[in-house]
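One structure below.
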């Protein structure tokens, strides 16, 4: 993917009247379907210029919340504010939405389709044409401008889908599982684009269950469970505050040298070596005991991974 | 962005994308070809207009026979081409080869081919046979030969109509018959387009992206207007082609023809407006392309019912059916042109039926628009009629 300075591009490409921005705030969203509660007073705030991960078990209201932000579903209670004011339909023209189940008009030609979406978001014919050219070039799909979408490879369809979301130079991106179905190269391209957009001041919110990925590219995450927030914060801070674990790998030892040292999990990594993880033990004590027992091959203090934080947050 | 410009954008996409599709052009060509064939083929086969009867005479025929054959043929809406044939054998051969329609064989009487003889030729043969018999009687009664033709084919007495026959009535019937078929096919076909278009958006999920920028009603309005414009264009092309075909085969279009065609176009628009929102709601109510026939079935059935009712109205344009159905909105588009053009409608009937239709359309569009908006983002689950209609 060709990477061009985004700030420079936006200066020429951003349609007038789109300068408004500010935090996106979901306040007390409630939504039920019959007896199922999808959202139960969901509140969180996303600052502009951040990549924001929106996590939670499947069927836990993430899609509902995103649809409410995009105005294609109404909450039973609560509001969405943007830059301090209640979000309006006109504001949402500066938003981009990529639903989890992707789809475009399969018989349309790529450029026609992008231009159509740009115009629906309020760009003039001229602005739409310029935006199409810019994004086709930027995502490296200029050569397929006049191909029908149904004739494209899976990878190119994914790129067109991304271009379709970005063609009107949105201030806020709302992406539902943007990484699902992408190959590693596609994931890298997508992550790059999201990072660059955030650096250029765009608000990026996406849901995902690929937690390693979220850990790598998100500045901030919110984890919801049963329709309400259970954990929120900057990824770095969450990891630092989470309980760190101590990992040792010791060779040629008696089987239970670690007894009585706090919560421990042991696994044999090869016939002669055992890896033991402690959650709340004194490192000095553990190290002394291990050295007495055998040869220490690895000694590390590990921050919790996002997966661990997630499991702790939504666990039973 | 205003609703109007959004609707224009959506409608523009429909017109461009569908106008470019092969399916549209194949359908248009098939319809044009069909209409032209219906007009041109019968005219070329001589089913309509001036029929020329090929009449051969063998041997001595009674004086004045020619003038009675001419008036007999005229009574059947044609004219004879009479020529003398050398021998009976030659005449039989010509009859067999369909060069002649019938042969008057002096004293032996009238000869026709027999098998596959046209009804009008059979009618002419029996008229001519009766003339021959009358002439023979008159001759036997000793009447002078020169007085016989005047007696056999006199100037007929006037026939007056109790209910005046409007000029060009036959042409009106043809216009109504053909127009109603095209109207019926068009409303059903464009309705089907609306359903499949809505379903295409829904099943590909592109609708979620579109609806994050556009109100459901604007998307719906743009879609039905776009397809309606294409339909109107196709309808107009069919009418122009039909008129050119009719004129080129020598059919005389009465002065009332443009009015008749205008009335059919008006009812096409009313019919499409009435049905399109229901077709859209049907598309929104199903989740997959396979579900479409179930939800569209009742609608196309209703349109077919209207067409069948129209056949009844065409054969009896002043009957009870013809008086009532123009005020039954689902049937009105197909039956009202027949009632107005062929029957003797009171002046208030047309505006009244249009008014009833407009009120019903307003109600249906509101109901169907609501059903569409509610169902367009609802995926999965079985479609029930109650689900579609629930306010």
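The values are calculated or read from the model by the stated rules, or taken from the named source; none is laboratory data. These figures come from a predicted structure and were not determined experimentally. Using ideal geometry, Cβ is built from the backbone for each residue, glycine included, and neighbour counts are taken over all protein chains shown.
Some notes on this structure:
- Test: residue in the range A:121-143 that is touching a residue at least 40 places away in the same chain (Cβ under 8 Å), over 19 Å from residue A:189 (Cα atoms) and facing another protein chain (nearest Cβ under 8 Å): yes
Quick grid of which residues meet (1) over 23 Å from the mean Cα position of the chain (by Cα); (2) over 27 Å from residue A:105 (Cα atoms); (3) in a helix (DSSP H, G or I); (4) within 14 Å of chain A (Cβ to nearest Cβ):
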| position | (1), (2), (3), (4) |
| --- | --- |
| B:6 | yes, no, yes, yes |
| B:15 | yes, no, yes, yes |
| B:32 | no, yes, yes, no |
| B:37 | no, yes, yes, no |
| B:82 | yes, yes, no, no |
| B:89 | yes, yes, yes, no |
| B:93 | yes, yes, yes, no |
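- Residues within the range A:167-180 that are touching a helix residue (DSSP H, G or I) at 6+ places or on another chain (Cβ under 7 Å) and more than 12 Å from every other protein chain (Cβ to nearest Cβ), tallied: 4
- Single residue of the range B:17-29 satisfying the filter (within 11 Å of chain A (Cβ to nearest Cβ) and closer than 18 Å to residue B:187 by Cα) that is surrounded by the fewest Cβ atoms within 10 Å (Cβ to Cβ): B:23
- Filter pass, residue A:213 being surrounded by fewer than 20 Cβ atoms within 10 Å (Cβ to Cβ), farther than 14 Å from residue A:66 by Cβ and assigned by TED's automatic domain parsing to the domain that holds residue A:123: yes
- Taken across the range A:156-166, residues that are assigned to a loop (DSSP other than H, G, I, E, B), more than 19 Å from residue B:16 (Cα to Cα) and either within 14 Å of chain B (Cβ to nearest Cβ) or in contact (Cβ under 8 Å) with a residue 12 or more places away in the chain (or both) do not occur at all.
- The helices (runs of 4 or more DSSP H) found wholly in the range B:191-310 and carrying at least 2 residues that are under 30 Å from residue B:42 (Cβ atoms) occupy B:216-248, B:257-285.
- Yes/no for residue B:86 being closer than 11 Å to residue B:58 by Cβ and at pLDDT below 85: yes
- Meets criteria (in contact with a strand residue (DSSP E or B) (Cβ under 8 Å, 6 or more places away or on another chain), over 22 Å from residue B:373 (Cβ atoms), surrounded by fewer than 21 Cβ atoms within 10 Å (Cβ to Cβ) and assigned by TED's automatic domain parsing to the domain that holds residue A:33) for residue A:107: yes
- Restricting attention to the range B:30-51, the residues that are at pLDDT 85 or above and exposed (fewer than 11 other Cβ atoms within 10 Å of the Cβ) add up to 1.
- Meets criteria (surrounded by 16 or more Cβ atoms within 10 Å (Cβ to Cβ) and in contact (Cβ under 8 Å) with a residue 24 or more places away in the chain) for residue B:121: yes
- Subset tally (residues that are part of a loop (DSSP other than H, G, I, E, B) and more than 14 Å from chain B (Cβ to nearest Cβ)) for the range A:72-91: 4
- Considering the range A:98-114, the residues that are more than 10 Å from chain B (Cβ to nearest Cβ) and under 27 Å from the mean Cα position of the chain (by Cα) include one that is nearest to residue A:204 (Cα to Cα), namely A:114.
- Residue ranges of strands (runs of 3 or more DSSP E) in the range A:219-316 with at least 3 members surrounded by 18 or more Cβ atoms within 10 Å (Cβ to Cβ): A:220-225, A:245-251, A:273-278
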